[in-house]
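The values are calculated or read from the model by the stated rules, or taken from the named source; none is laboratory data. Just so you know, these numbers come straight off a predicted model, no measurement behind them. Glycine gets a Cβ as well: all are built from the backbone with ideal geometry, and neighbour counts include every protein chain shown.
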Amino acid sequence: MKKVKIFLASSAELKEERQLFEIEIYRKCKAWFEKGIFLHLEIWEDMSAKMSASGRSQSDYNEVIKECDILILLAYTKVGIYTAEEFEVAHGQFRKTEKPFIFTYFKDAAINTGSITPEFMSLLNFKQKLSDLGHFYSTYTDFHHLWNQFNKELERLADGEFQEMVERVAEEKTSGAIHQHNIYGDNIGRDKVVGK
């Protein structure tokens with residue numbers, strides 16, 4: 001069974017999307033059980049809030065991101081400092097190891113002008129940063145639109161990258177036994193009794 005670690009980065013304003021994402025990932029996990037793929041979703045609400053040895057809980061989150069296979073970033077009216085930092089960590093790790101795969105989705109919905117704060121500039125600046133990096137972000141109008149887009153990406157990965165991971169895990173399990181041949185041509189492994 002290959003464990004695919006997914007980190008969902010977003011600010012508090014997108015709590016509903018995170019909750020619905022958790023439900024859909026669980027459903028996908030059940031559907032993919034026979035494929036040998038387990039999807040493990042990390043969201044900041046589920047992570048420990050205990051004091052970190054580094055002095056910052058965010059540093060612990062960043063370490064989790066470095067170990068992930070996928071980072072999903074959701075944004076609406078702002079990109080908070082922690083969400084931006086999570087992207088930077090994932091992007092830095094991606095440049096070194098080509099993982100995690102990074103997907104960015106921006107909610108395209110009406111914004112009340114009274115709710116526009118100076119933080120709104122963080123959204124525009126972040127979109128510009130992605131453009132400068134040559135990254136094409138996606139937009140979504142509601143959760144179903146978001147899930148349909150991401151689910152297609154998961155299917156693409158399942159047909160390619162994830163399948164390769166599952167095959168590597170299976171290969172590592174089968175190569176765990178020591179296979180040697182003696183002069184008689186018998187295969188000698190952990191479970192083979194030698195005596196002929």
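Quick check on region 154-168. Is at least one of its residues closer than 27 Å to Gln19 by Cα, touching a Phe, Trp or Tyr at 6+ places or on another chain (Cβ under 6 Å), surrounded by 10 or more Cβ atoms within 10 Å (Cβ to Cβ) and at pLDDT 70 or above? First the steps, then the outcome.
Applying the first criterion (closer than 27 Å to Gln19 by Cα) to region 154-168 yields 154-159, 161-162.
From what is left, the residues that are touching a Phe, Trp or Tyr at 6+ places or on another chain (Cβ under 6 Å) are none.
There is no residue in region 154-168 that is closer than 27 Å to Gln19 by Cα, touching a Phe, Trp or Tyr at 6+ places or on another chain (Cβ under 6 Å), surrounded by 10 or more Cβ atoms within 10 Å (Cβ to Cβ) and at pLDDT 70 or above.
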If I filter region 58-81 down to residues being under 24 Å from Thr97 (Cα atoms) and hydroxyl-bearing (Ser, Thr, Tyr), which single residue comes out as modelled with the lowest pLDDT? Ser59
Residue under evaluation His144, criteria (1) at pLDDT below 95; (2) within 23 Å of the chain's Cα centre (by Cα); (3) not acidic (Asp, Glu), criterion not met: (1)
For region 14-25, name all the residues that are within 14 Å of the chain's Cα centre (by Cα) and without any contact (Cβ under 8 Å) to a residue 40 or more places away in the chain. Glu22, Ile25
Got a number for residues in region 92-151 being surrounded by fewer than 18 Cβ atoms within 10 Å (Cβ to Cβ), of a type outside the set (A, V, I, L, M) and part of a loop (DSSP other than H, G, I, E, B)? 13
